[in-house]
Each structure stands twice: as structure tokens, then as C-alpha cells.
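The structure under discussion appears below in the form of C-alpha cells.
What follows is calculated from the coordinates using simple rules that are stated; it is not laboratory data. Just so we're clear, the structure is a prediction, and the values are computed from it rather than from any experiment. Cβ atoms come from the backbone with ideal geometry, glycine included; neighbour counts cover every protein chain shown.
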Amino acid sequence: MSGEFQKIDKEKYGKSLERLNEIFKGISETVTEVSTWRCPYKNSENRCTAQFGCRNQNRDVPAGQLYICTSSDNLDYRSAWDI
């Protein structure tokens, strides 16, 4: 197919964009809901990605590794951040 162009089916393309929009809308809604109780700096491996101090950081990790987040997710994590 080198040098050839495929004709784009505009209807199919539009439906694909609509489907992607629905997928991302669902992801966004989930993120918004989860962010009300889970620290946004806590990754899926319960490691802290914040570039600032927090009292919920277990810093007893090998050099170069992210700190372990010890938050229970049952608290308002914002008060834990060091200013």
C-alpha cells in the first residue's frame, strides 16, 4: 500500500471519535470521583509521586525509589501536606 491513500469513511470516523469520547468521559468521571478520597499523588503501586513532603510518606526505601504512601484513604489527605 505504499504511496496509496485509503479513502476515509467519514461516518465511521465520526462514530469512532464518539466512542473514544465516551471512553474518556467515563475515565474522567471515575478520576473525579476517586479524587475525593484518594490522594492524587498516590500511584497504583501505593507509591508517593509528590515532589514535596507529606506525613504519610514512608521514606524507608532504597535510594532512587518512590516513597511508600501509608495513607488509609479514609482521611482528608490535604492536611498531611507539608507547606
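Full extension from S44 to T70: what is 0.36 nm times the residue separation minus their Cα-Cα distance, to one decimal in nm?
On the way: separation 26, 0.36 × 26 = 9.36 nm, distance 1.31 nm.
Once the chain is fully extended between S44 and T70, it gains 8.1 nm.
Quick check on the chain: helices-only [θ] at 222 nm, where DSSP H runs of length 4 and up contribute -39,500 (n - 2.57) each and the sum goes over total residues. Nearest 500, please. Could you put the intermediate results ahead of the total?
Values: 1 runs with 25 residues, N = 83.
-10500 deg cm²/dmol, from helical runs alone.
How many lysine pairs are close in the chain, with Cα atoms under 25 Å apart and the two 8 or more places apart or on different chains? Please report the intermediate quantities before stating the final value.
Numbers: K7/K15; K10/K25; K12/K25; K15/K25; K25/K42.
Counting lysine pairs in the chain gives 5.
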- Query: To the nearest 10 degrees, how steep is helix 10-34 against the longest Cα principal axis of the chain, on a 0 to 90 scale?
  - Reply: 10
- Give the order of I8, I68 when sorted by the count of other beta carbons within 10 angstrom, beginning with the fewest. I8, I68
- Task: Take L66, L17 and order them by how many other Cβ atoms sit within 10 Å, fewest up front.
- Result: L17, L66
- Task: Find the relative contact order for the chain and round it to a whole percent, using C-alpha pairs within less than 8 Å whose residues are 6+ positions apart.
- Result: 24
- Task: Return the single residue from K25, K42, K15 with maximal mean-square fluctuation; model: Gaussian network over the chain, springs between Cα atoms under 10 Å.
- Result: K15
